[in-house]
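Student: Encoded as structure tokens, here's the structure I'll be asking about.
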Amino acid sequence: MAEAWREPLELRPSDDGATLFRWRSWEEKFPWLSAGFSSRRGGVSGEPWGSLNCGLHVGDNDDDVAENRRRVAEAAGFDFRRWTCAEQVHGVAVAVVAEAEAGAGRLVRDDALPSKDALVTDVPGVMLNAFYADCVPIWFVDPVRRAVGVAHAGWRGAVADVAGETVRAMTRAYGSEPSELLAAIGPSIRGCCYEVDDQVAKHIPEGSESIKPSASPGRYLLDLAIFNRQKLTEAGILANHIEITQYCTSCRTDLFFSHRKENGRTGRMTAWIARKE
């Protein structure tokens, strides 16, 4: 009898109230790894960013964002000074993060890694972070070389193949073999809620299981999580090496920020991944 599927993201409140999701199976299997996703609960931001907003670019008070980020880092078990992030542009560029880049962008946008939508590292203690409010978070781990990565995939980045570019960056930087990599796809707006027009749909290959017609003429329901899973397998990651959550950010605004559901006035979750020191 097949084992019943269970949600791979585990919700865990921290002592200071920040509510985080953790990739249960990865952290159990690899004690040296930390990987997860923040919720919208347990921070200090006021509305409309209530309350654990981790984005500096949405109009929130910078000091509140810094405190929220500190809470996430501490709950994840990392020194906030090692929080490292980029200025995301919905592209495919990948930053290979060395010790010198540790801490980039943690307090101000000006010193974030410029124009990058994926980060990879093999440096222990460097906490890679990216930000989301409907776009797809993708985590990567090379358990052989102990290299890790995180990517931000909206529809533009997804069709331009930020997932595959991250795999290739890990191969170049660390000698990673795609067939040995593990990947995980986190909470995003799913096909139940993400309606797009022809200008987006024309970029999705015909026959892709990620898209179907909606009830409205000329409109389509697009599941970017499924689309990115396809891109990961095309890049050489084995299908049974990919975890995928069932959470939809638009359906669950009690847990997540949703740019579309909340009409653009909302906060951002962060995805993190790191090697422990």
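The values are calculated or read from the model by the stated rules, or taken from the named source; none is laboratory data. Quantities reported herein were computed from a predicted structural model and do not represent experimental measurements. Don't worry about glycine lacking a Cβ; one is built from the backbone with ideal geometry, like all the others, and counts go over all protein chains shown.
Student: Could you count how many residues in region 230-266 are farther than 27 Å from Val141 by Cβ and either acidic (Asp, Glu) or in contact with a Gly (Cβ under 7 Å, 6 or more places away or on another chain) (or both)?
Tutor: 2
Student: Looking for whichever is among the hydrophobic types (A, V, I, L, M, F, W, C) and over 28 Å from Asp142 (Cβ atoms) here; the options are Val92, Val72, Val120, Val108. Which one fits? Give the derivation first.
Tutor: Details: Val92 fails: over 28 Å from Asp142 (Cβ atoms); Val72 fails: over 28 Å from Asp142 (Cβ atoms); Val120 fails: over 28 Å from Asp142 (Cβ atoms).
One residue alone meets the criteria, Val108.
Student: While we're here: Considering Ala151, Ala183, Ala163, which residue is touching a helix residue (DSSP H, G or I) at 6+ places or on another chain (Cβ under 8 Å), surrounded by 22 or more Cβ atoms within 10 Å (Cβ to Cβ) and more than 16 Å from Thr245 (Cα to Cα)?
Tutor: Details: Ala151 fails: more than 16 Å from Thr245 (Cα to Cα); Ala183 fails: more than 16 Å from Thr245 (Cα to Cα).
None of the other options fit; the residue is Ala163.
Student: Which of the numbered conditions does Lys29 fail, given that it passes all the others? Conditions: (1) out of contact with any strand residue (DSSP E or B) (no Cβ under 6 Å at 6 or more places or on another chain); (2) more than 21 Å from Ile138 (Cα to Cα).
Tutor: That leaves (2) as the condition not met.
Student: Also, I was wondering about something else. Pairs please, first residue from region 187-215 and acidic (Asp, Glu), second anywhere and part of a loop (DSSP other than H, G, I, E, B), Cβ atoms under 7 Å, 6+ apart in sequence or on different chains.
Tutor: Matching pairs, first to second residue: Glu195/Ser214; Glu195/Arg219; Asp197/Gly218; Asp197/Arg219; Asp198/Gly218.
Every residue, every condition in (1) loosely packed, with under 15 Cβ neighbours inside 10 Å; (2) over 17 Å from Val167 (Cα atoms), yes or no:
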| site | (1), (2) |
| --- | --- |
| Gly77 | yes, yes |
| Glu87 | no, yes |
| Asp117 | no, no |
| Val120 | no, no |
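Student: Counting only residues that are more than 28 Å from Glu10 (Cβ to Cβ) and in contact with a helix residue (DSSP H, G or I) (Cβ under 9 Å, 6 or more places away or on another chain), which one in region 214-235 is surrounded by the fewest Cβ atoms within 10 Å (Cβ to Cβ)?
Tutor: Residue satisfying both the conditions and the ranking: Gly218.
Student: Being crowded, with 22+ Cβ neighbours inside 10 Å and either within 16 Å of the chain's Cα centre (by Cα) or of a type in the set (D, E, K, R) (or both): is that true of Gly43 here? Give the derivation first.
Tutor: Numbers: crowded, with 22+ Cβ neighbours inside 10 Å: yes; either within 16 Å of the chain's Cα centre (by Cα) or of a type in the set (D, E, K, R) (or both): no.
So Gly43 fails the test.
Student: Residues that are farther than 20 Å from Phe131 by Cα, at pLDDT 95 or above and more than 14 Å from the chain's Cα centre (by Cα), at least 3 per element: which strands (runs of 3 or more DSSP E) completely within region 214-277 meet that? Outline the logic, then answer.
Tutor: Numbers: elements: 220-222, 242-244, 269-275.
Answer list for region 214-277: 220-222.
Student: Within region 1-56, how many residues turn out to be in a strand (DSSP E or B), among the polar types (S, T, N, Q), closer than 18 Å to Phe257 by Cα and touching a helix residue (DSSP H, G or I) at 6+ places or on another chain (Cβ under 6 Å)?
Tutor: 1
Student: Let me ask something else. From (1) crowded, with 22+ Cβ neighbours inside 10 Å; (2) not in a helix (DSSP H, G or I), pick out the condition that doesn't hold for Ala158.
Tutor: The number of the failed condition is (2).
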